[in-house]
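Everything below concerns the one structure shown next.
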Amino acid sequence: MSEFKPEKLTVQYLPPASIFNPIDNRKYTLTHSDTTGELYLSIGCHYDLEKINITMRDEVLGEWRRNLGQYTLTGTVYVSGGEFDQQLSNVRFMIFKKELPLALAAMVNGDKGFYTYYPWLLDAPIIICFESIFPEYQQTLYFGTPRQYLIK
């Protein structure tokens, strides 16, 4: 896993979202530059579709959801919809699994102020859905809690 470097992260709030609202359906769009290693996090009430590279599809999306009174940070990564063969889908799946801790550290630390208003969310589960037409890569995995990714 690559190490999270806060100085490489740029955060943008998409109005009307702010540091303290909304909680329900708060959405994160995380993209990056392969050449510079820069990370770009958009926080809003909707995903920042303009930032998604439709050819690469290497973004990580996240959203706060409430189910039966419990909040969950649910994320999705796009492995393959058929445009990548099984071998390339396997490579994409393995890279996503390896780099997700870095992506989650960027999401959590990029929205650090949010947790000062809602500290109980630091212990909410993080669930990531891998989307693929290949059944072996269509998985939903537990990735701990935001507290594990928070840099003090």
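The values are calculated or read from the model by the stated rules, or taken from the named source; none is laboratory data. On a predicted model such as this, the values are computed, not experimentally measured, just so you know. Here Cβ is always computed from backbone atoms with ideal geometry, including for glycine, and neighbour counts include all displayed protein chains. In case anyone asks, the SASA skips ligands and DNA or RNA and just uses the protein heavy atoms, side chains included. Shrake-Rupley method; radii C 1.70, N 1.55, O 1.52, S 1.80 Å.
Looking at this structure, is Met94 on the phi < 0 side of the Ramachandran plot and open to solvent by 50 Å² or more (accessible area, probe 1.4 Å)? Quick ask: steps written out before the conclusion?
Values: on the phi < 0 side of the Ramachandran plot: yes; open to solvent by 50 Å² or more (accessible area, probe 1.4 Å): yes.
Criteria met by Met94.
Residue pairs whose Cβ atoms lie under 7 Å apart, sitting 6 or more positions apart in sequence or on different chains, and linking a residue in the stretch 127-139 that is closer than 18 Å to Gln87 by Cβ and open to solvent by 80 Å² or more (accessible area, probe 1.4 Å) to a partner that is of a type in the set (Ser, Thr, Tyr) and in a strand (DSSP E or B), are Ile133/Ser80; Gln138/Ser132.
Give the number of residues within the stretch 37-48 that are within 14 Å of Pro6 (Cα to Cα) and open to solvent by 60 Å² or more (accessible area, probe 1.4 Å). It would help to see each step written out before you state the result.
Residues of the stretch 37-48 within 14 Å of Pro6 (Cα to Cα): 37-41.
Adding the requirement that they be open to solvent by 60 Å² or more (accessible area, probe 1.4 Å) leaves 40.
Total satisfying the criteria: 1.
Considered as a group, the residues in the stretch 9-34 that are in a loop (DSSP other than H, G, I, E, B) and aliphatic (A, V, I, L, M) include one that is nearest to Tyr71 (Cα to Cα), and that residue is Ile23. Determine whether the stretch 35-46 contains at least one residue that is hydrophobic (A, V, I, L, M, F, W, C), modelled with pLDDT under 95 and part of a loop (DSSP other than H, G, I, E, B). No, because not a single residue in the stretch 35-46 is hydrophobic (A, V, I, L, M, F, W, C), modelled with pLDDT under 95 and part of a loop (DSSP other than H, G, I, E, B). Looking at the stretch 24-34 only, could you name the residues that are at pLDDT below 95 and surrounded by 11 or more Cβ atoms within 10 Å (Cβ to Cβ)? Passing the criteria: Asp24, Asn25, His32.
Please enumerate the residues belonging to the stretch 24-59 that are in contact with a Lys or Arg (Cβ under 8 Å, 6 or more places away or on another chain), closer than 19 Å to Gly113 by Cα and either among the hydroxyl-bearing types (Ser, Thr, Tyr) or in contact (Cβ under 8 Å) with a residue 40 or more places away in the chain (or both). Within the stretch 24-59, Asp24, Asn25, Thr29, Leu39, Tyr40, Ser42, Ile43 qualify.
The set of residues from the stretch 102-126 being under 15 Å from Thr76 (Cα atoms) and open to solvent by 20 Å² or more (accessible area, probe 1.4 Å) comprises Leu102, Pro125.
Here is the figure for the stretch 69-88: residues that are buried (at least 18 other Cβ atoms within 10 Å of the Cβ), part of a strand (DSSP E or B) and not β-branched (Val, Ile, Thr) total 5.
Output the number of residues of the stretch 50-65 satisfying the condition of being at pLDDT 95 or above and open to solvent by 40 Å² or more (accessible area, probe 1.4 Å). Working first, answer last.
First pass over the stretch 50-65, keeping only residues at pLDDT 95 or above: 60-65.
Checking which are open to solvent by 40 Å² or more (accessible area, probe 1.4 Å) leaves us with 65.
Counting residues in the stretch 50-65 that are at pLDDT 95 or above and open to solvent by 40 Å² or more (accessible area, probe 1.4 Å) gives 1.
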